[in-house]
Amino acid sequence: MHKVFSMKELGFLNYFLGISVHTSAAGFFLHQSKYATEILAKAGMSHCKPYASPMATKSSSFPDSDLPFAQPALYRSIVGALQYLTITRPDIAFAVNSACQHMHAPLVSHFHAVKRLLRYLKGTLDKGLQFQPGPLVLTAYSDSDWAGNAIDRRSTTGFCIFLGPNLVSWSAKKQPTVSRSSTEAEYHALAQTSAELSWLGMLLRDLHIPLAPPTLWCDNLSAIALSSNPVFHARSKHIEVDYHFVRERVASKQWLIKHLATTDQIADILTKPLSVSRFHFLQHKLLAHSSPISLTGNVKQPQLQTSTSILQKQLHQHDQTNSTSSEVS
């Protein structure tokens, strides 16, 4: 690299582009607590009361909910900053996606939703992504909330992809067209997840990393049947392009599509507002807590463990000396 680029060694990665990296014997922990704190300060909510979830399951009305928000530039600035925060916080991806849909003309109710999201961040500043060694196997979860948008009745696609135990890709995105059935909405989500899987597989092959056929988990039996059944039905002709894209890869055994229960669908957190208990259950599968000991600078965790073991030995020797002297006396 030195022969091609002008570069120098800066030691172990600690902080880069708003992302803190903590290195330990278990792997790497990435978080943006400092960046999230700056967002709270920008919104004047540094000392707000934390909330348990980023979105309410039911919309609440206020006396001025339908009025235009008086500071649209502030709304756009905060929501734009929250978009960058989703790099290490997939649990807020759906809430941020919903907030971004009102950038052009935010209402007071929309800002109330953003404030709730900020209150949730206040109580979860220590959350982030954990990367640790594991098997190089791709596993994907695909889900869709059929006609979940109450304004235009478009569905939301959500997927998350794991490389071994590590979350490497996720998305919460409103579908461009209205789906006429839950099967169609789920199948569109299946096609988008398949496209992301194809890209990740190509990237890993370029890095000369051998891969087993990935597994794609879906909770819709009709969409799974459609991916393996070569016979078109009258109600599925309008999704022919997506059908061929997924069907070719299933037929060539490039990956497997399996069914799982809706209660185990991790991508559910990326498609709709959830209850507090359900949200925490899925959040635990995506994120990790930061270590109680915060490492700064270029100190590695193994060195910290070595120093701790030396201190323990010194204390043990000190205790033995005291006990010996007391016996003599």
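Residues that are within 15 Å of residue 270 (Cα to Cα) and either touching a helix residue (DSSP H, G or I) at 6+ places or on another chain (Cβ under 8 Å) or assigned by TED's automatic domain parsing to the domain that holds residue 95 (or both) number at least 1 in the following strands (runs of 3 or more DSSP E) confined to the stretch 123-231: 138-145, 156-163, 166-174, 215-218. Is there a residue being at pLDDT below 90, under 22 Å from the mean Cα position of the chain (by Cα), buried (at least 22 other Cβ atoms within 10 Å of the Cβ) and of a type in the set (Phe, Trp, Tyr) anywhere in the stretch 180-190? Checked the stretch 180-190: at least one residue is at pLDDT below 90, under 22 Å from the mean Cα position of the chain (by Cα), buried (at least 22 other Cβ atoms within 10 Å of the Cβ) and of a type in the set (Phe, Trp, Tyr). Scanning the stretch 55-87 for residues that are touching a Ser or Thr at 6+ places or on another chain (Cβ under 9 Å) and under 27 Å from residue 166 (Cα atoms) gives a single hit, 55.
The values are calculated or read from the model by the stated rules, or taken from the named source; none is laboratory data. Quantities reported herein were computed from a predicted structural model and do not represent experimental measurements. So basically every Cβ, Gly included, is an ideal-geometry build from the backbone, and we count neighbours across all protein chains shown.
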